[in-house]
Amino acid sequence: MRKSALVGWALLAPSLLLLGGLVGYPILYNFWLSLFAKHAFLPAQTFVGLGNYRYFATDEEFWRSVGYGGIYAGSTIVLQLGLGVVAALLLNETFHGRGLLRGVVLFPYTIPTVVAVILWKWLLNDSYGLVDYVLVATGATRIPPAWLGKDYIMWSLIVTSVWQFFPFVVVTYLARLQTIPPELYEAATVDGAGAWRRFLHVTLPQTGAVLFVIVLLRGIWMFTKFDTVWLMAGEGGVSQYVRTLPVYAYERTFTYLQAGMGATLAVLMFGLLAGATAVYFGLFREEEIVS
Amino acid sequence: MKNQIGRPRPRTLAPRLSRRQFLTGTTATAAGLALLGRGPAVLGQQVRELQVWHTEVEPQTVKTVQEGSIAEFERRFPGFKVRQQPLAWGDLNTKLLAAIAAGSPPDLTHLNPFMTASLYTKGLLRPMDELIRALGEKDIHEATQKLQYFDGRYYGVTHAMGGIYIAERRDLREQKGLKPPQTYADLVDLAAALTEEGTRYGLTMPGEKLYIGFSFPAEWLASNGGSWVDPTTWRPRLASRAMVETLQFLRRLNPFMPPSWSGQKYLDTLAALATGKVAMAYLSGARTIGYVERDAPEGMRDPEHFQPMFRPHGPSGQTGVSALDGENWTVFSQSKYPQEAFEFLRIFYKREHYMKYCHSVPIHLTPIFKSMINDPEYLAHPRIRKWRSWHDAMITGLREHRFLPIGFSRPDDKLLPFLAELDGSGIVADMVIAAMVGGADPDAAAVRAQQRAEELLTQLGFKRWS
């Protein structure tokens, strides 16, 4: 028995080493780094204990970043979910050209983020962008709005992100829709249920589990989204009005050159996400299990 | 002799080869090729690579360096190969710091003057007094000569100089009967006069952090009697009168700028000027000429329409000051081939190579040697002849001490070891944008920036005030 246990551990060892090296070590090292005032590139470092955490507890920039991150993640998730579910329901119907349309809907998700952002920045540019050109040409406005200026930059960022990531919801939700037994709909129709009631009482309960996972994954991904935000606003300019937590962590590390501070922000981001996930599980886990 | 299907086997010219002969021959050939490939190493002439990084990314400049200085260096130092790596200005600092941290910096690199003090205090730079003497210490222009001079020794030499100006549509200003602005208030009035709602804005500037959060604020401080920090205590002076007055001026200027200016990049602003969407571009060097010659309407690609103007000064200042674009060559103490790096620089500054280098982007790359600035051969370049007023502006600016290195609010800022971190933090950019487009009260924005800057310098260990 003891020998077989040893063999078991020996067989597990490569996986444990791999997980420990690739997942455990970086997380622990990051936490260790968060206890230091450490220059990003030079060897200078001083142990400060929880000093970095105390600093961020009262740092206005940190809380502002949490706020912007919340607005960005929250609104993009709601919009992706709404748009994605509606699109999936439509694509689940039978009509001519459905296959082609299913492929086209996937397109935004398959292109690189940098291409998507350049495309949208070009469309929204107030000097030569198509959107403002159409608005002015149709007489909708005389002075083109500055979509990439302070007042609209968050909206522009949200639109770009929703456009790029809603296909994930479409694909995932559509896959689940296709596995719902048609008999359930037939029975509901016989009972006199209209389209809305069929959706409410058949589709929604059947797809609860997949919605649970979609919200969880997209929530994590949008809250930690860096590339789209960075490419859209960059540094300086109006970037301070969309400076989410990942961007702030990056700036602390690579532009302020304070690696310890950056590591602290990463730990805090991890804590915030873990907390939010725990609450989410607490609120909706039963529904998921029932589903 | 017949094959299996009864046809005669074709005759072959090659003699029959046994397996042993084939294997022996192949092995000998492979060994020979390997030996040839490592020939120079075997003969004691191992190819060594001199890593040279610089910030002049224009293709014609890269080609000029390759065909001039590098070609001569490689001829004179057989066994050495020079690898030049042109880097965008904004990428240099991060890449350089990462290379230093990894213990493998380039042998020779451009360095922003505001970073030099930081690296010097850490003992990372190698002195180059001998080279400076060989180049002609007294011939190097005073505007650049002692930017990297610490404790009686030279640690860098500027590659070339380029003045920064406001580029204007001179014809539009003259139509209005207005003079070039001398003060902040003049510039606001001029921008207002040149703005035509819906068709043209008076002025634009790039919103990138490097400019709006570092280069311009240093100029504004210098032009309004201020400085980044107290010279003795290093306490930041972002809430000083010099800065608050500047923020008030910027707020007055903002209505005459495109609504999305803060999202624009440097080259966008030059395109906007060349195509008539704005009447003035706040950030302009002689590179602007290239964009004007490419994008401006036919018949307008000349200095009668596009002209440089000096920065105005603020109510508490005497003279408008702007940045002098000019990184310095530096050799690190960790450089692998320092002597060869210095030899490369001697070749780089040789008259025939250096003249071609400066001509690769005329006026933007103005020579550092006083003897060459007004040299007829240098001035004979067609673009300098055509755009002579831009060259003259450069000379006037140098004579009137209107230039400081990028990010300097006063000459002694070369001694501040934290300018790179201040630039990187974006604290100043946040302040300027909040006051200009965010509707924040200039005093409040300045106080907040002051507090953040004090926190930053304290965290970095540079707090000297009590």
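Odds and ends about this structure:
- Sequence-ordered 3J(HN,Hα) estimates for segment B:150-157 from the Karplus curve with 6.51, -1.76 and 1.60 and θ = phi - 60° stand at 10, 6, x, 9, 8, 10, x, 9 Hz, glycine and proline given as x.
- Alpha-carbon spread of segment B:181-279, three principal axes, descending order, Å: 49, 25, 19
- J(HN,Hα) series, segment A:134-143, from Karplus relation 6.51 cos²θ - 1.76 cosθ + 1.60, nearest Hz, glycine and proline x: 5, 4, 6, 5, 8, x, 5, 8, 9, 9
- For segment A:85-187, the average shadow cast by the Cα convex hull is 9.2 nm², which is a quarter of the hull's surface.
- Rounded to the nearest whole Hz, the Karplus-based 3J(HN,Hα) values (6.51 cos²θ - 1.76 cosθ + 1.60, θ = phi - 60°) of segment A:64-70 follow the sequence 4, 5, 4, x, 4, x, x, with x at glycine and proline.
- Mean silhouette area of segment B:326-403, derived from the convex hull of its C-alpha atoms and averaged over all directions, reads 6.1 nm².
- Per-residue Cβ neighbour rank within 10 angstrom, fewest leading, A:Trp163, A:Trp196, A:Trp147: A:Trp196, A:Trp163, A:Trp147
- In the elastic network of chain A, a GNM with C-alpha springs shorter than 10 Å, the most mobile of A:Leu100, A:Leu217, A:Leu81 is A:Leu100.
- Positive-end extreme of charge dipole, segment A:1-154 - chosen from A:Thr46, A:Val131, A:Ala13 (charges on Cβ): A:Ala13
- For A:Ala44 and A:Arg64, the difference between the fully extended length at 0.36 nm per residue and the C-alpha to C-alpha distance is 4.3 nm.
- The calculated 222 nm mean residue ellipticity attributable to helices in chain A amounts to -22500 deg cm²/dmol, summing -39500 (n - 2.57) over DSSP H runs of n ≥ 4 and dividing by all residues.
- The Cα atoms of segment A:78-129 cover 43, 25, 19 Å along the three principal axes, with the biggest extent listed first.
- 5 angstrom amide H check on B:Phe80, placed H, neighbours 5+ away: B:Arg48
- Helix-only mean residue ellipticity at 222 nm for chain B, each DSSP H run of n ≥ 4 adding -39500 (n - 2.57), per residue, nearest 500: -12500 deg cm²/dmol
- Burial ordering of B:Thr27, B:Thr246, fewest other beta-carbon atoms within 10 Å first: B:Thr27, B:Thr246
- Of A:Ile77, B:Leu273, B:Phe256, farthest towards positive along the dipole that unit charges on Lys, Arg, Asp, Glu beta carbons give the protein assembly as shown: A:Ile77
- Sequence-distant residues sharing a close amide H with A:Gly236 (under 5 Å, placed H): B:Lys209
- For B:Ser284, residues with placed amide H under 5 Å, excluding near neighbours: B:Tyr165, B:Ala167
- Counting Cβ atoms of other protein chains within 10 Å of each residue's Cβ and taking the mean over peptide B:230-240 gives 0.
- Note on chain A: Lys pairs 8 or more places apart or on different chains, Cα atoms under 30 Å apart, count 4.
- Kirkwood-type radius of chain B, with distances r between different C-alpha atoms, in Å: 24.7 Å
- Furthest towards positive pole of dipole, B:Gly314, B:Ile347, B:Ala296, structure part segment B:266-347, Cβ charges: B:Gly314
- Pairs exceeding a 29 Å alpha-carbon distance, out of B:Lys95/B:Lys122; B:Lys336/B:Lys463; B:Lys176/B:Lys356: B:Lys336/B:Lys463; B:Lys176/B:Lys356.
- Counting all C-alpha pairs of segment B:367-441, share separated by more than 22 Å (%): 53 percent
- The largest-to-smallest principal axis extents of the Cα set in segment B:203-333 are 55, 47, 28 Å.
- Here the gap between B:Asp129 and B:Asn374, fully extended at 0.36 nm per residue and compared with their Cα-Cα distance, gives a gain of 85.6 nm.
- Among A:18-29, A:174-185, B:433-444, the peptide with the highest mean count of other Cβ atoms within 10 Å heads the list, and the full ranking is B:433-444, A:174-185, A:18-29.
- The slack in the chain from B:Glu197 to B:Glu58, taken as 0.36 nm per residue of separation less the alpha-carbon distance, amounts to 46.4 nm.
- Cα pair distances in the protein assembly as shown, grouped into 20 Å bins until the bin that holds the longest one, percent each: 14, 39, 30, 14, 3, 0
- Intensity falloff of chain A expressed as log10 I(q)/I(0), Debye formula with alpha-carbon point scatterers, at q = 0.11, 0.15 Å⁻¹: -0.88, -1.23
Values in this text are rule-based calculations from the coordinates and carry no lab data. From a predicted model like this one, the values you see are computed outputs, not experimental measurements. Note that each Cβ is placed from the backbone with ideal geometry, even for glycine, and that neighbours are counted across all protein chains shown.
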